[in-house]
Every structure is written in structure tokens, then in C-alpha cells.
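The values are calculated or read from the model by the stated rules, or taken from the named source; none is laboratory data. Every value quoted in this text rests on a predicted model; they were computed, and no experiment measured them. With ideal geometry, Cβ positions are generated from the backbone for all residues, glycine too; neighbour counts draw on all protein chains shown.
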Amino acid sequence: MSVSAPAVATASEKKKHPHPDRTRETIETIVFVVVLVLLLKLFVTEAFVIPTGSMAETLYGYQKIVTCEKCGHEFPVNSHDEVEGANDANPGGPRRAVDMIGYTCPNCRYPGRYKADAKGTHIDSPPNNTGDRVLVLKPIFHLKEPNRGDVVVFKYPQAPQERQIAQNYIKRAMAFGGETVAIHLGDIYVTRYLDYPADEIGPDGFLLYPRPEDPLDLWKPPYMYPNNQKALDLFDKSRAAAFPMGQGGFEIVRKGLDQILADRRIVWDNDQQPMELAGKFPPRWFPVPGAKNWNGDNENMPKNFTHKGNDLEWIRYRHLIYPWEFPDTAKEVKPTYVDNMLGYNSEVGRYRDTGAPTPPRSTEAEKEWVGDLILEAEAVMDAGSEVTLELSKGVNRFQATFGNGTVKLASIGPGAKEFGSRPCKVNGAGTYRLRFANVDCRLHVWVDDRLVDFGTDGDYLPGSTVPPNGTNAWTQENDVDAPASIGAKGTATVRAIKLHRDVFYTHGMNGAYVYYVQPGHYLCLGDNSAQSSDSRTWGTVPERLMLGKAVFVFWPFYFSASKNRIGFIK
């Protein structure tokens with residue numbers, strides 16, 4: 001088939017089809033993009049910046065990335081007061097300029113201080129980094145009611161706008177309208193089987209459950225009925241029965257897998273041991289006395305442990321807080337329980353006007369016992385060998401045994417239980433990355449970062465681990481002497497050992513720990529519970545003030561993978 005030659009356009013035809021107006025096209029494109037952006041911002045998504053550290057270390061506010069000069073652990077430290085000043089001496093008044101002069105490492109607990117020149121300027125203080133920038137999906141674009149544990153952005157109920165500036169907060173939605181919430185031993189419990197009738201009169205003749213004159217004030221703390229006697233009685237009854245499920249009492253709230261991993265906080269990275277203390281203090285991981293078949297690669301600071309023998313033997317972790325102030329004279333240090341100290345809160349500041357130092361933000365609220373732990377290790381195993389990860393909590397120890405193509409879950413102690421077994425890829429000689437979590441009274445295991453699903457078979461009753469005397473929730477034998485252990489049969493090497501803890505919810509600054517959430521409201525909590533201004537302090541969040549669900553961190557970007565913040569929010 002032949003193709004005819006193209007016709008040549010005449011001058012008159014060119015006039016009929018003039019060249020497009022490039023300026024007009026450019027203007028139309030800009031207008032279209034602007035309108036599209038405005039529509040997206042109005043109906044679909046909006047960007048927010050996080051200034052404070054109430055969601056640390058899941059989301060960062062203003063912070064410095066610090067590397068501990070003793071153990072090399074890298075972690076973020078709050079620098080909000082250095083960037084914007086502090087007003088703790090006069091809340092609501094002028095802010096005072098603050099310099100950060102130090103930190104405390106959450107791994108080795110070294111109290112680091114920055115070097116200062118002759119003028120007092122701290123020359124090696126890391127630069128300040130901006131807070132995370134997040135994309136928020138607006139309610140019109142997703143289900144209006146968030147799921148439990150979702151990270152949400154909302155207007156601060158007490159002052160939605162201050163000095164023409166919107167007061168936007170970001171927290172997790174942890175309870176919903178109609179629920180009564182209790183915070184107990186760092187976990188959250190809820191029940192929907194309590195009502196608060198508006199006309200019920202107490203023995204003193206006053207309303208037990210008052211309502212505000214303005215229904216828009218239902219978010220305020222008095223209408224959460226903090227530590228109401230009816231709620232406390234039901235909580236005590238539920239606790240005595242070990243918090244059973246489906247019986248109308250308080251039940252534990254169990255986090256989803258993504259939130260468990262997002263909420264991990266470092267307790268000890270065995271690959272980051274401070275050289276300076278080697279030989280002066282015992283190592284945190286050690287073979288138990290009598291374990292003749294375990295050998296560490298270094299007597300003073302072992303990182304790799306090798307087992308050869310057919311008997312099950314153990315290495316154990318002890319939580320030692322090294323006395324850095326007296327490294328040459330203090331030859332002994334006693335183990336203690338794992339606490340909820342967070343490196344993000346450990347900044348040390350100095351007011352520029354007075355020179356007076358301010359202590360780290362770590363407070364008594366960060367010295368609570370944490371029983372929810374996560375243990376990770378890399379295991380190099382010969383055929384037929386087994387490796388067991390063990391985590392203690394109260395009177396019980398929980399075990400995950402890997403080997404021969406299966407993983408088995410069990411507990412030892414009062415009410416010892418076998419939770420069952422599942423097939424897994426730990427079969428024969430090979431190198432495997434193992435993870436075992438005991439969080440919210442549910443056991444989880446992973447092999448090479450893939451979950452081995454036990455579903456609800458890994459659940460146990462929260463009250464079953466509490467000592468019978470009730471004086472402490474922790475025990476010396478388990479939570480102090482052996483909070484985490486690794487056992488082996490056959491030939492195996494374990495290395496890259498890391499111990500994490502879960503988020504520990506504190507009672508809040510007002511001391512109350514049982515609250516009611518009015519219908520149409522949300523109880524929102526920060527991940528940095530010891531230093532979060534949230535529903536425990538100022539009240540719940542009305543649905544009308546919800547701005548949307550935070551789904552993605554899009555800035556800042558760093559070339560360093562360890563610092564890069566971009567990704568979906570868990």
C-alpha cells in the first residue's frame with residue numbers, strides 16, 4: 001500500500017490554525033495545579049509538621065541525633081526548648097533561651113556532656129533537626145472513625161487556636177466513646193459495660209455524673225469521671241479474676257503488629273558495649289553458673305556466644321545501670337528491673353540568661369518496671385540444634401523454642417502452659433534472625449522478619465503473672481535476676497542480640513488512671529507517655545475537632561539510612 005506525500009500548508013491555512021499562546025497555556029497550567037492542590041488540601045490530604053516530642057520515638061519533634069561517645073548508640077534527643085525556648089518557669093509567658101549541654105544514653109546510660117570553648121559555646125553539639133512532616137488523610141477520604149491505635153491529628157480542645165495560630169496535636173486514638181479506660185502496669189484496659197446515668201444521686205445528695213451546661217464541654221476532665229468508684233470497683237473485680245475476656249469486666253487492649261514494632265524502645269544492644277567499662281563491671285549477657293558448654297568470644301564484653309553440647313543450657317541478661325560517675329572505685333553494681341527510661345527525654349539544658357543547668361527530662365515516671373519485652377538474636381545453627389528465647393514477666397517465664405522446622409511457645413511457673421507449635425523455616429543448618437515478643441499478654445514470634453502466626457493461641461490472662469502477695473508486680477527471681485535469656489541444645493552460635501521494651505503508659509500528671517470517654521469523643525495518648533500532654537491531663541478529643549489520620553512521613557530526608565524518616569506511619 002502506497003503512502004501519498006504530505007501536503008504543504010498554504011499561508012491562508014496557517015492563519016486558520018495559529019500557533020498556541022504559550023503564555024496562556026502556562027497560566028492555565030499553573031491555575032490548574034493550584035486548584036488541584038487546594039482541592040486535595042481541602043478534601044483529601046494535608047501536610048503537618050510535628051514540633052514536640054509527645055509521639056517520640058515513633059514520630060520526632062525538634063531533635064538532635066546524638067551518638068553516644070562511649071557505646072556508639074545513635075538516638076534522637078528532644079531539642080524543642082533550644083529551638084523555641086522554654087516557658088517552664090512562667091507558663092504562658094515569654095520563653096527563655098536554652099542551650100542543650102548534654103544527654104543520657106538509653107543503651108549504656110552514659111551522661112554525656114558537649115565540649116565548650118572559652119566563651120561557653122558548646123562546639124560539638126549536633127545540629128537541630130526539624131520535626132517530622134506528615135501527610136494526613138482527611139475524614140472524607142477514609143472511614144470517619146479511626147481504628148484503635150491509629151495516629152490522628154486534631155485541634156487541641158482547650159485552645160484550638162492561640163494568637164491566630166492553629167493548635168494542632170498528634171497522638172494515637174486509644175479509646176472511643178462509651179468506653180471506660182484503665183491504665184494499669186503500663187497497659188490499657190477497657191470496658192463498655194458501665195453506664196453513668198445523668199440523674200443518679202450520691203449519698204451526699206449531689207449528682208454522681210454531672211453534665212455540663214454546654215454539651216460542647218463534654219471533653220473536659222470532670223466529665224471523664226476520673227477514678228469513679230463504680231469503675232474502680234469493677235476494675236478491682238476484673239483484676240481479681242485476672243482480667244478474663246467476654247465477661248463484662250475490663251479487658252486488656254492488645255496492639256497490632258505494626259504498632260508493636262513501631263513502639264519498640266531500646267533496652268540493650270549487645271553489639272554496642274562501652275569499651276571503657278570492659279573488665280571493670282560484669283557484662284550484661286553471661287552464661288549462667290554451671291553452663292559449661294557456652295563460650296563467649298570475649299570474657300569481659302562478649303558479643304557472640306557459642307554452645308556445643310546436647311544439654312539445654314542458658315545465657316542470661318541482667319539489667320546493670322553502670323555508675324559512670326565512679327568508674328574506677330565502684331567495683332560492684334547490682335542488677336535491677338527494666339525501666340521505661342527514654343533517651344529522647346534525656347536532654348540537659350542551660351538557660352542562657354542565668355547559666356543555671358536544667359536536669360534531664362527523665363523523671364520518676366520513667367523509673368517504672370516494664371514487663372513487656374522483645375528479644376532479638378541471630379542464630380547460626382547446626383542440623384538438629386534448638387535455640388530458645390525466654391522472656392520473664394512477674395511469676396512466669398515465657399519461651400519460644402526454634403528448631404527442626406517448628407517453633408513452640410510455652411510458659412513455666414504458676415499455671416505453666418503450652419501454647420502450641422507452628423511450622424517455621426528454622427530447619428537444618430543455617431543462619432536465622434529470631435524475634436520473640438511478650439507484649440500486652442500476647443506472644444509473637446518472627447523468623448527472618450516474617451511473622452509465624454499463632455493468632456490468639458499466644459494469649460494469656462494479664463493477672464496470671466502477678467505475684468500472690470500483690471506488693472510488687474515484678475519479682476526478684478525473674479524480672480531482676482533473669483528478665484531475658486537464651487538457651488541452646490546442640491551446636492549453635494547466637495549474636496547480634498538486642499533487647500527492647502514496649503511503650504509503658506503512665507497514669508498521667510493528675511494521678512488518675514480510670515476514665516470515662518463520653519460518646520462522640522476519643523481518648524488520645526502519646527507514645528512518649530512519660531512526657532506527653534494528652535487525654536490523661538486535659539481531657540478527651542471531640543469528634544468535631546478531628547482533622548484526620550496521619551499516614552506518611554514525607555520529610556526530612558537524609559542520605560544516612562539510620563536517620564531517614566520517610567515512610568508509612570505504623
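A few remarks follow.
- Scanning the stretch 434-460 for residues that are out of contact with any Cys (no Cβ under 6 Å at 6 or more places or on another chain), part of a loop (DSSP other than H, G, I, E, B) and surrounded by 15 or more Cβ atoms within 10 Å (Cβ to Cβ) turns up Asp440, Cys441, Phe454.
- Positions within the stretch 361-385 being crowded, with 19+ Cβ neighbours inside 10 Å and among the aliphatic types (A, V, I, L, M), in sequence order: Val370, Leu373, Ile374, Leu375, Ala377, Ala379, Met381
- Entirely in the stretch 258-324, the strands (runs of 3 or more DSSP E) that have 2 or more residues that are within 30 Å of the chain's Cα centre (by Cα), of a type outside the set (A, V, I, L, M, F, W, C) and farther than 21 Å from Gly403 by Cβ: 265-269
- Some residue of the stretch 349-361 being within 21 Å of Leu434 (Cβ to Cβ) and among the charged types (D, E, K, R): no
- Trp324 vs. criteria more than 25 Å from Cys71 (Cα to Cα), crowded, with 18+ Cβ neighbours inside 10 Å and either at pLDDT 95 or above or not hydroxyl-bearing (Ser, Thr, Tyr) (or both): no
- Scanning the stretch 472-487 for residues that are among the charged types (D, E, K, R) and crowded, with 24+ Cβ neighbours inside 10 Å turns up just one, Asp479.
- Candidates Thr388, Thr336, Thr358 - the one that is farther than 27 Å from Glu69 by Cβ and surrounded by fewer than 22 Cβ atoms within 10 Å (Cβ to Cβ): Thr388
- The stretch 242-273, subset among the polar types (S, T, N, Q) and surrounded by 18 or more Cβ atoms within 10 Å (Cβ to Cβ), residue farthest from Glu179 (Cα to Cα): Gln273
- Selection within the stretch 471-487 - assigned to a loop (DSSP other than H, G, I, E, B), under 15 Å from Ile315 (Cβ atoms) and among the hydroxyl-bearing types (Ser, Thr, Tyr): none
- The stretch 339-373, residues that are among the hydrophobic types (A, V, I, L, M, F, W, C), assigned to a loop (DSSP other than H, G, I, E, B) and touching a helix residue (DSSP H, G or I) at 6+ places or on another chain (Cβ under 6 Å): Met341
- Failed criterion for Arg397 (all others in (1) more than 20 Å from Arg501 (Cα to Cα); (2) touching a Ser or Thr at 6+ places or on another chain (Cβ under 8 Å) hold): (1)
- The stretch 492-519, residues that are of a type outside the set (A, V, I, L, M, F, W, C) and in contact with a strand residue (DSSP E or B) (Cβ under 6 Å, 6 or more places away or on another chain): Thr493, Arg495, Lys498, His500, Arg501, Asp502, Tyr505, His507, Tyr513, Tyr515, Tyr516
- Single condition Asp88 does not satisfy, out of (1) closer than 15 Å to Arg361 by Cβ; (2) modelled with pLDDT of 70 or more; (3) acidic (Asp, Glu): (2)
- Residues located in the stretch 339-355, provided they are among the acidic types (Asp, Glu) and surrounded by fewer than 17 Cβ atoms within 10 Å (Cβ to Cβ): Asp353
- The stretch 110-123 - residue that is part of a loop (DSSP other than H, G, I, E, B) and surrounded by 11 or more Cβ atoms within 10 Å (Cβ to Cβ) and, of those, modelled with the highest pLDDT: Tyr110
- Evaluation of Asn107 against (1) at pLDDT 70 or above; (2) farther than 12 Å from Ser346 by Cβ; (3) part of a loop (DSSP other than H, G, I, E, B) (one fails), failing number: (2)
- Checking each residue in the stretch 461-470 for being part of a helix (DSSP H, G or I) and either among the hydroxyl-bearing types (Ser, Thr, Tyr) or without any contact (Cβ under 8 Å) to a residue 24 or more places away in the chain (or both) picks out Ser464, Thr465.
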